[in-house]
Amino acid sequence: MGSHAFKFGGEYVKLPVFYANLNTPGAITFRDDPSVIVNNTNGRYPQGFQTPGVVQAMTIISGTEASGESRKAWSAAAYVQDDWKVSPRLTLNLGARYDLHHFNNNCCQDQNRVGQILRALGNPNGFGPLPKSDTNNIAPRVGVAWDVNGNGKNVARASFGLFYGTGIITSVYASDYQSGPVLYLTKTLTTSTYGVGQLANYVYGVSPLPDGPGLAPAQFPAGGSTAGNWLDPNFKDPLSANYAAGFSHAFTGSTVLSVDYTHVRGYNGWRTKQINPLLPNPANPAGARVRPLSALTQSAFGDPSLFAGVSILDSFNLSDYDGVDTHFERRFGTNSFIVNYTLAWARGYGGDADFTTQGGAIPPQISSVTGGNLYDPWEWGPTSTDERQRISVLGVINLPGGFEVSPNLTAATARPYTQFKGVNPSQDGNLQILCPSGNNNDVGFGAGQVPCGVNNARGTPLINLNARVTKNLSVGPTQKIALFAEFYNVLNRANFGNSYFNRADQVATYNKPNGYLGGIGSTSTIPISFQVQFGARVSF
């Protein structure tokens, strides 16, 4: 319409089956590395694995598969956009999008057993209205592109937009499991310190397994020490604010350089908080730790061991990403040469910026009934995928005799990981190693010491070289055959990335690699060793 180009659209998605399945035989966690236990190197295990107290934690599951579905799940979205050609040299992009995500188990959240119990206790995490789908997810977007000289050689651009994230079923299935007619339950037994706690006298391989939650339970069993999962009543959809600015310059018709800066601020990041950790008993600080909800469940139900840990999925995390992307491209004849370079910082509370899941954040160092000290200085740090610098060089080179070579080199600085000194006695994650605090005040970790921070250490840099060699053959007027060989990880380099053992109390493996970038279960395309494959393509 004149200088305006309007676009609009929408979608509706219905998910009759929105399901997550979980099967596990339970788990036993030992207090130390197996080599320490077998050899009794710390003097605690004179009978090896049959020493009482060798088991630190044990989880036992209910014996029947339960439904982990979000029933009546659906979503809807709509957008409108105007690409406005203000002048031959200036274009504006104006738009807005609306999202409504109804993926959580909104039909049955009132049946979640943890929510029912917390409401009966008057706990803030269960009291008040049930979680509801956000209905105010209006996301404006604006962009501008300016042809500086009017000949397309110099273009400046900038943009801003809000984006609401779409959650995934694995973020809420734990609470869904505890909302159906049959529950999937986990009984958790622990020892807070060596020789103190529920498993202090348990002898591995000798003592009988404790009773579990039972078969097909419909309620939390009395005295079951059951792990609970629920949503915060003010649970929201995650949101990011994206800012970008860039400039590109065409030197000739075949050479271009562009530089772009991007800033992303993440709000309402989904993250689990533990509201029932093992805390020191105020009446006996040196004795066994207690769970803060025990006194309340004792008063209301006559059962101090109704709950083990209680995990609450909430939307409170913050994150930042800043990156400068440089792209250079040169084409000459049938050859091409491309260089991409990124200088970036990715960080967030708990070392997590993936705001639509709940499992990536490192638990806080100080635990509490409200979820812990989530915003202490050492809780903010780089994410596990934070690469300060990354460069890739690739090209296509035509050689005499019908040969074509396409090399591809990628190098990146090391990704971070967190070094821990051992398990947090609250049974909510691990304790970070300590670093000097810069003063002599005792802040609760030792005189003049504080945690070193999330993702405080770095692994090994990435260097990966791939190449493709092609021999082109003409076998007719229009028929061609291309014979090629593709070489991956030509340097046969072990790219460990940040896959390192990180427990200082497990001396035998501490800071040693335990995997590769691109290893089993990874979505990375980086092979863990040199590989080659051969093929052919026929064109006609």
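Assorted remarks:
- Scoring residue 138 on the criteria (1) surrounded by 14 or more Cβ atoms within 10 Å (Cβ to Cβ); (2) out of contact with any Gly (no Cβ under 6 Å at 6 or more places or on another chain) leaves a single failure, condition (1).
- Residue 418 falls short of the stated requirement of being more than 30 Å from residue 368 (Cβ to Cβ), of a type in the set (Val, Ile, Thr) and surrounded by 17 or more Cβ atoms within 10 Å (Cβ to Cβ).
- On inspection, residue 243 fails the criterion of being touching a Phe, Trp or Tyr at 6+ places or on another chain (Cβ under 9 Å) and either over 27 Å from residue 389 (Cα atoms) or surrounded by 15 or more Cβ atoms within 10 Å (Cβ to Cβ) (or both).
- Listed by first and then second residue, the pairs with beta-carbon distance under 6 Å, at least 6 apart or on different chains, first residue in segment 401-424 and under 16 Å from residue 493 (Cα atoms), second acidic (Asp, Glu) and in a strand (DSSP E or B), form an empty list.
- Filtering segment 472-485 to residues that are modelled with pLDDT under 95 and of a type outside the set (Ser, Thr, Tyr) leaves 472, 473, 475, 476, 477, 479, 480, 481, 482.
- Residues located in segment 1-16, provided they are in contact with a strand residue (DSSP E or B) (Cβ under 7 Å, 6 or more places away or on another chain) and within 30 Å of residue 72 (Cα to Cα): 8, 9, 10, 11, 12, 13, 14, 15
- Taking strands (runs of 3 or more DSSP E) as the structural unit, those lying wholly within segment 278-384 and holding at least 1 residues that are β-branched (Val, Ile, Thr) and modelled with pLDDT of 95 or more correspond to 307-332, 335-349.
- Selection status of residue 232, surrounded by 14 or more Cβ atoms within 10 Å (Cβ to Cβ) and within 26 Å of residue 160 (Cβ to Cβ): no
- Selection status of residue 53, outside any helix (DSSP H, G or I), of a type outside the set (Asp, Glu), without any contact (Cβ under 8 Å) to a residue 40 or more places away in the chain and at positive phi: no
- Count of segment 379-407 residues which are among the aromatic types (Phe, Trp, Tyr) and either in contact with a Cys (Cβ under 7 Å, 6 or more places away or on another chain) or surrounded by fewer than 16 Cβ atoms within 10 Å (Cβ to Cβ) (or both): 1
- Which listed residue, of 195, 205, is at positive phi and at pLDDT below 85: 195
- Qualifying residues in segment 9-20 (those that are surrounded by 13 or more Cβ atoms within 10 Å (Cβ to Cβ) and modelled with pLDDT under 90) - the one nearest to residue 173 (Cα to Cα): 20
- When residues in segment 37-53 are screened for being in contact with a strand residue (DSSP E or B) (Cβ under 9 Å, 6 or more places away or on another chain) and modelled with pLDDT of 90 or more, 2 of them pass.
- When 307, 337, 316 are screened for being out of contact with any Phe, Trp or Tyr (no Cβ under 6 Å at 6 or more places or on another chain), touching a residue at least 12 places away in the same chain (Cβ under 8 Å) and surrounded by 20 or more Cβ atoms within 10 Å (Cβ to Cβ), only 307 passes.
- Against the criterion of being in contact (Cβ under 8 Å) with a residue 60 or more places away in the chain, closer than 30 Å to residue 339 by Cβ and part of a loop (DSSP other than H, G, I, E, B), residue 497 qualifies.
Residue-by-condition table, conditions (1) within 32 Å of the chain's Cα centre (by Cα); (2) within 14 Å of residue 406 (Cα to Cα); (3) of a type in the set (Val, Ile, Thr):
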{"site": "450", "(1), (2), (3)": "yes, no, yes"}
{"site": "453", "(1), (2), (3)": "yes, no, no"}
{"site": "473", "(1), (2), (3)": "no, no, no"}
{"site": "477", "(1), (2), (3)": "no, no, no"}
{"site": "494", "(1), (2), (3)": "yes, no, no"}
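- Residue 103 being in contact (Cβ under 8 Å) with a residue 12 or more places away in the chain, among the hydrophobic types (A, V, I, L, M, F, W, C), touching a Leu at 6+ places or on another chain (Cβ under 8 Å) and on the phi < 0 side of the Ramachandran plot: yes
- Yes/no for residue 187 being in a strand (DSSP E or B), among the basic types (Lys, Arg) and buried (at least 18 other Cβ atoms within 10 Å of the Cβ): yes
- Only residues that are under 14 Å from residue 277 (Cα atoms) and acidic (Asp, Glu) were counted across segment 294-324, and they come to 0.
- Top-ranked residue in segment 240-254 [being of a type outside the set (Gly, Ala, Ser) and modelled with pLDDT of 95 or more; ranked as farthest from residue 374 (Cα to Cα)]: 249
The values are calculated or read from the model by the stated rules, or taken from the named source; none is laboratory data. These numbers come from a predicted model, not from an experiment. Glycine gets a Cβ as well: all are built from the backbone with ideal geometry, and neighbour counts include every protein chain shown.
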